[in-house]
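Below: one structure, written as structure tokens.
Only the coordinates and a few stated rules stand behind these numbers; no lab work does. This is a predicted model, so every value here is computed, not measured. Ideal geometry is used to build each Cβ from the backbone, glycine not excepted, and the neighbour counts take in all protein chains shown.
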Amino acid sequence: MVSGLERVCATVLKRVTPSPKEKKDILALAEELSQKVMTAAKEANVDAEVRVEGSVAKDTWLSEEPDIDIFMRVPTTMPRKAFGTICLGIARAATEGFEQIERFAEHPYLESVVDHIRVNIVPCYKVGKGKWISATDRTPFHTDYMKPLLDQKKRGEVRLLKKFMQGIGVYGAEIKVGGFSGYLCELLILNYKSFVRVLRWAADWKERRIIDFEGYYEEREIEAERIFEEPLVMVDPVDKGRNAAAAVRKERLDELIVVARAFLKRPDLNFFYPKPTETLSSEKLTSVLRSRGSTLVFLKLGRIEAVPDILWGQLYKSQRSLRKMLEQNDFSAIRDDVWSDEKSLNMFIFEVEHPSLPVIKKHFGPPLRKRIECEEFLRKHLEAAHTISGPRVESGRWVVEMKRKHTNIVSLFLEKLKDGGRRVGVAERISQAVTEDLEVLVGEEVLELCSSNPEFARFLTGYLKGKPKWLK
């Protein structure tokens, strides 16, 4: 008798496995583009070895979702300063006439859309194993390592794991996601043999894990613990000093753990294919915002000139700094988030219990046993303009009641961000946008933006609901 788990997995596997015709068409396109890159490289007098890498090369891509990764392996004699510019020029020539977007990892690479297929043309150096110059130099070695180890069954298991992680929102090593890369999914399947066993491993998570498939640190586990600091460590089989799971943020790992438990308990297609969020109407959004009992403050910024990885890195850094700034001024954020369309709109959301605080606050000094610190506290607060009452001793500490510098959250943001916010930790490119066109919206003031921007309205709907789509 087929279990519900087996039935769901079989249904998904059928959907995500490319048909023979689909494979043939993608491989033909990959070969055609490789030849164009080779021709463009020769015209630029660059001796490049051109290879198809990634999921297409390893046959682990998902049906109707192919990404073609074409790598140019160039001689190590090419200077690093010229590496990006020369290779980008070759990539642009090879995809002339198609949409082209410059992306950035350690160095620039080109993303193009050819016949509705996303194509990444990535430069790397042609080096020996372990003699890496750039981060992408390992990729051809990953492909060569993985291909002979992935039989047809394991490739299917990889596809199941990728689709599952995609469905629950933890797939992708880019900074925006901070999740599991395709290569990491492949390594997990190699180690645990199947999609279901990977989920059982995650569901049983109790402490930090170090997975060493090649056994580089066998009987030297303490050394591995010193080298790697992340909560999840997958020792890269082609580079024992690299953690292939380094990009996985703790919250993404936590999400995988709880979703694995939920799926194993109640298998459902919804984990792989979540229903799109139904955006709340303007009237419903108004009702929810009014009845929520908190205050939502939105920092609206326009276009920020940065490729996605840099953009999201700076957005997240600024988000952390702004949250810290609020806390230092006694506005404890219930929750905060950041959203961007990566084009012309960037939004920070900070939700607090109250938009205003009392003028007076109680401020505790050091314990009496710390004599020097007590003297410093008295010098700072005795007869100071901000001191309303005290200093006096309470429960073995000096204490004063003092005036807050900032009592309104909007005024606080405007004051701290009037110079771009660099002094409170706002990242450079975000700071520039803050200086040029910051708009602070409170509560229902955001509804006009929701009416004109369905993508943000959908995001805000999900934020207000505050629970993952799979949770029922």
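Observations, loosely collected:
- What separates the Cα centres of region 436-472 and region 59-105 is a distance of 35 Å.
- With q set to 0.19 Å⁻¹, the log10 of I(q)/I(0) for region 43-111, from the Debye formula over equal scatterers at the Cα positions, is -0.87.
- Here the residues D236, D437, ranked from fewest to most Cβ neighbours within 10 Å of their Cβ, fall in the order D437, D236.
- With contacts taken as Cα pairs under 8 Å at a separation of at least 6 residues, region 17-147 carries a relative contact order of 23 percent.
- When the alpha carbon coordinates of region 17-147 are projected onto the principal axes, the ranges are 42, 35, 23 Å, largest first.
- Radius of gyration over Kirkwood radius for region 360-403, both on Cα atoms: the Rg/Rh ratio is 0.94.
- Rounded to 5, the percent of DSSP beta bridges in the chain classed as antiparallel: 80
- D144/Y216 FRET efficiency (R0 25 Å; Cβ-Cβ; nearest 0.05): 0.90
- Secondary-structure-derived ellipticity at 222 nm for the chain, considering helices only, amounts to -13500 deg cm²/dmol, per-run term -39500 (n - 2.57) for DSSP H runs with n ≥ 4.
- Relative contact order, percent, region 102-179 [alpha-carbon distance under 8 Å, six or more residues apart]: 12
- Kirkwood Rh, angstrom, region 342-472 [1 / mean 1/r, Cα pairs]: 18.7
- Of all lysines in the structure, the ones whose alpha carbon falls short of 27 Å from that of K126, not counting any fewer than 8 places away in one chain, are K36, K42, K58, K81, K147, K240.
- Structure note, pairs K162/K343; K265/K467; K300/K418: Cα-Cα distances above 21 angstrom occur for K162/K343.
- Among M72, M38, M402, the ranking by other beta carbons within 10 Å of each residue's beta carbon, starting with the fewest, stands as M38, M402, M72.
- Region 17-147 - share of DSSP beta bridges that are antiparallel (%, nearest 5): 65
- Once Rg and the Kirkwood radius are both taken over the C-alpha atoms of region 73-180, their ratio Rg/Rh works out to 1.01.
- With 10 Å bins from 0: P(r) over region 167-274, alpha-carbon pairs, percent: 14, 47, 32, 7, 0
- Residue-wise HN-Hα couplings along region 248-258, as the Karplus relation 6.51 cos²θ - 1.76 cosθ + 1.60 with θ = phi - 60° gives them from phi, are 6, 6, 4, 5, 6, 4, 4, 4, 4, 4, 6 Hz; Gly and Pro carry x.
- Mean projected area of the convex hull spanned by the Cα atoms of region 375-423, taken over all viewing directions: 5.0 nm².
- In region 294-323, trypsin sites (Lys or Arg not before Pro) in a DSSP loop with at most 11 other beta-carbon atoms within 10 Å: none
- In summary, the chain shows an alpha-carbon radius of gyration equal to 1.17 times the 2.2 N^0.38 Å reference for compact globular proteins.
- For E375 and E415, the FRET efficiency from 1/(1 + (r/R0)^6), where r spans their Cβ atoms and R0 equals 30 Å, is about 0.40.
- Where labels lie 7 Å past Cα in the beta-carbon direction, separation of K206 and D254 in nm: 2.1
- Relative contact order (percent, whole number), region 360-403, Cα cutoff 8 Å, 6+ residue spacing: 50
- Burial ordering of V288, V127, fewest other beta-carbon atoms within 10 Å first: V288, V127
- For the residue pairs K317/K416; K324/K403; K14/K154; K129/K153; K21/K163; K163/K193, the alpha carbons lie more than 26 Å apart in K129/K153.
- Sites matching GluC sites (Glu not before Pro) across region 101-167 that sit in DSSP coil, with at most 15 neighbouring C-beta atoms within 10 Å: E106
- On Cα atoms only, tilt of 182-192 relative to the major axis of the chain in degrees: 80
- 5 Å binning of all Cα-Cα separations within region 130-215, expressed as whole percents from 0 upward: 3, 12, 21, 24, 22, 12, 5, 1
- Theoretical FRET efficiency, 1/(1+(r/R0)^6), r = Cβ-Cβ of E64 and E223, R0 45 Å, to 0.05: 0.55
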